[in-house]
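Bear in mind that the values in this text are calculations on the coordinates, not laboratory data. It should be emphasised that the depicted structure is a prediction, and the values quoted were computed from it without experimental measurement. We place every Cβ from the backbone using ideal geometry, glycine too, and count neighbours over all the protein chains shown.
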Amino acid sequence: MFKLTLIEDDEVIVYLTKKIIKESGNSELLNVLSNGKRALEYFEENVKNEELLPDIIFLDISMPVIDGWQFLDEFQVIKNKITKPISIYITTSSISHSDIEREKKCNLISDFIIKPITLENFNNIIDSCN
C-alpha cells in the first residue's frame, strides 16, 4: 500500500483526487496540505518519522503562500535529511512551456501531470513505483 500526500489548494481537485485514490484501492492518502508553506512545515516536523512520510507527493505548482516551485527549492534541503525515497509528481492545469522546461531541470520531480489525475494516470504512477 502506497502512502500519498497531496499538496493542493483547489478543493475540487482535492475531491477528485481523493476519489481516484479510493477507486484504485492500493493507496492511502496520508494528508492534504493546502499550500507549500504548510507542506514544508509538515515535512520538517516529520523528517525522522518515516511512518508519517509519503511514498508519493502530488504537488500543485500554482498555490498561495508558497507555490510548488518554491516548495521544491526549499524541500531539497529537507529531502537531504530523509532516507525514505519519495517520488514527486507535479500536477497542474498549466501547459506552459516554461513550466515543462523547468520540470525537466529539477531532479526531484518524477513526472509532470495535467490535472485532473485520471484513474489510468494514477494506476500508471503506482505501477511505475513498484
>> Treating only the Cβ of Lys, Arg, Asp and Glu as charged (+1, +1, -1, -1), what charge dipole size does the stretch 2-117 show about its Cα centre? Round to the nearest 20 debye.
In response: 240
> Once amide H atoms are placed 1.01 Å from N in the peptide plane, what residues at a sequence separation of 5 or more from Ile113, or on another chain, have their amide H within under 5 Å of its amide H?
Replying inline: Ile90, Thr91, Thr92
>> Can you show me the helix-derived [θ] at 222 nm for the chain, built from DSSP H runs with n ≥ 4 at -39,500 (n - 2.57) apiece and divided by the number of residues, rounded to the nearest 500.
In response: -13000 deg cm²/dmol
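If r is the Cβ-Cβ distance from Lys81 to Tyr15 and R0 is 25 Å, what FRET efficiency results, to the nearest 0.05?
Numbers: r = 33 Å, r/R0 = 1.30.
In this case the efficiency is close to 0.15.
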> In whole percent, what relative contact order does the chain give with Cα contacts below 8 Å and a gap of six or more residues?
Replying inline: 27
>> For a test of the definition: using alpha carbon positions, the gyration tensor, and the 1.5 limit on a/c, classify the chain as rounded, prolate or oblate.
In response: rounded
> Going by how many other Cβ atoms sit within 10 Å of their own, how do Ser62, Ser110 line up, fewest first?
Replying inline: Ser62, Ser110
> From the residues Phe43, Gln70, Thr91, which one has its Cα farthest along the dipole of the chain in the positive direction, the dipole being from +1 and -1 charges on Cβ of Lys/Arg and Asp/Glu about the Cα centre?
Replying inline: Phe43
